[in-house]
Amino acid sequence: MPNLTIGPKVRKSLHLHDSQLKKLEEKAFEIREDIIKMLVEAGSGHSAGPLGMADIFTALYFHVMVHDPKRPDWKDRDRLILSNGHICPVRYTTMAHAGYFPKAWLKTLRKFGSPLQGHPEREKLPGVEATSGPLGSGSSQAVGIAYVGLLDRAPWRVYCVMSDGELEAGQTWEAMLFAGRNKLYNCTFIIDRNNIQIDGPTEEIMPLESLQAKFEAFNLNVIRCAGNSIRDFVSAIEQAHGMSEKATVIIADTIPGYGVDFMEHDFLWHGKPPTFTEAKEAITWLRTLGGKIKSEHE
């Protein structure tokens, strides 16, 4: 597929041409394949969330965010906070494809001494803005960073990726209160609404709906989109950028395990890697873009 390159950028229109969309969609499935490979190599890790969020991370790193892999500490870069750090395989893989570090590092996931740990560590890997761990803490870090950006009248924006399961944590709602009170229009929260958590469906464990009404009650701008549609997600980001008085929450409806038929919608894949045999089957699915095209071997 054509190579997608990243370099220092300025804020631009996010309108997607069909050719750009096709490249991004192909890149997302290429990233999914590498996620499967790194999980098998590690022998541990999370499958469902990383596969479900590959479209969003591809869109962020290759189309939306202003950043420069050659200067990960560039002061005018956008900041991406990963609150649900357990889906870090998708972040690591996307960063490797974007040029932050060699793809060969992906084979070191969760290994002793590797900068690619089971949760991202800010001091271990350039380009990671915050260390994650306890679910819910990322939103608090994001609003603090965004508040500083407003005080400094900085040009950069903050994106905070979160899980739906972590919305059960009270700290999340404290952060939303702060975002609403301070009109953090430079901050966009992206909720991975895949409806699963490690021990079952979210609506059985601790019902969350109506999410939109809850966020709106905190004086936040709320947009719902199809998280596995890059075009729909980019459109939601465009709307967020057009909001000048409120922080935005994008509720991205995703399919956990997206692209691998036997993983999709199954909460049992939340926190486990595939076996070698399962990985081979998964890669077959991914190389046909989730079954959208026939394998050349069929």
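Pro50 meets each of the listed conditions (1) touching a Ser or Thr at 6+ places or on another chain (Cβ under 6 Å); (2) under 16 Å from Val161 (Cα atoms); (3) of a type outside the set (Ser, Thr, Tyr); (4) buried (at least 21 other Cβ atoms within 10 Å of the Cβ) apart from (1). When Lys37, Lys70 are screened for being surrounded by fewer than 22 Cβ atoms within 10 Å (Cβ to Cβ), within 19 Å of the chain's Cα centre (by Cα) and among the basic types (Lys, Arg), only Lys37 passes.
Taken as a whole, the stretch 262-275 holds no residue that is buried (at least 19 other Cβ atoms within 10 Å of the Cβ), out of contact with any Cys (no Cβ under 8 Å at 6 or more places or on another chain) and modelled with pLDDT of 90 or more. Thr94 meets each of the listed conditions (1) of a type outside the set (A, V, I, L, M); (2) buried (at least 23 other Cβ atoms within 10 Å of the Cβ); (3) modelled with pLDDT under 95; (4) within 18 Å of Lys124 (Cα to Cα) apart from (3). Examine the stretch 77-90 for a residue that is over 11 Å from the mean Cα position of the chain (by Cα), among the hydroxyl-bearing types (Ser, Thr, Tyr) and within 24 Å of Pro273 (Cβ to Cβ), and state whether such a residue exists. No, the conditions are met nowhere in the stretch 77-90. When we screen Ala226, Ala213 for residues that are more than 21 Å from Ser47 (Cα to Cα), small (Gly, Ala, Ser) and touching a strand residue (DSSP E or B) at 6+ places or on another chain (Cβ under 9 Å), the only hit is Ala213.
For the stretch 138-152, the criterion of being hydrophobic (A, V, I, L, M, F, W, C), farther than 25 Å from Gln239 by Cα, surrounded by 20 or more Cβ atoms within 10 Å (Cβ to Cβ) and touching a residue at least 40 places away in the same chain (Cβ under 8 Å) is met by none of the residues. Only one entry of Gly257, Gly200 meets the criterion of being buried (at least 24 other Cβ atoms within 10 Å of the Cβ) and more than 24 Å from Trp156 (Cβ to Cβ), and that entry is Gly257.
Taken over the stretch 151-199, residues that are modelled with pLDDT of 95 or more, out of contact with any strand residue (DSSP E or B) (no Cβ under 9 Å at 6 or more places or on another chain) and part of a helix (DSSP H, G or I) amount to 7. Selection of the stretch 205-233 for residues being more than 19 Å from Met243 (Cα to Cα) and in a loop (DSSP other than H, G, I, E, B) yields Met206, Pro207, Leu208, Glu209, Ser210, Gly227, Asn228, Ser229.
In the stretch 176-219, what residues are in contact (Cβ under 8 Å) with a residue 40 or more places away in the chain and among the hydroxyl-bearing types (Ser, Thr, Tyr)? Selection gives Tyr185, Thr188. Within the stretch 91-103, residues that are over 20 Å from Gly45 (Cα atoms) sit with their Cβ atoms under 6 Å from residues that are among the aromatic types (Phe, Trp, Tyr), at 6+ positions apart or across chains, in these pairs: Ala98/Tyr61.
The values are calculated or read from the model by the stated rules, or taken from the named source; none is laboratory data. Keep in mind that this is a model prediction, so the values were computed, not measured. As a convention, Cβ positions derive from the backbone with ideal geometry for all residues, glycine included, and neighbour counts pool all protein chains shown.
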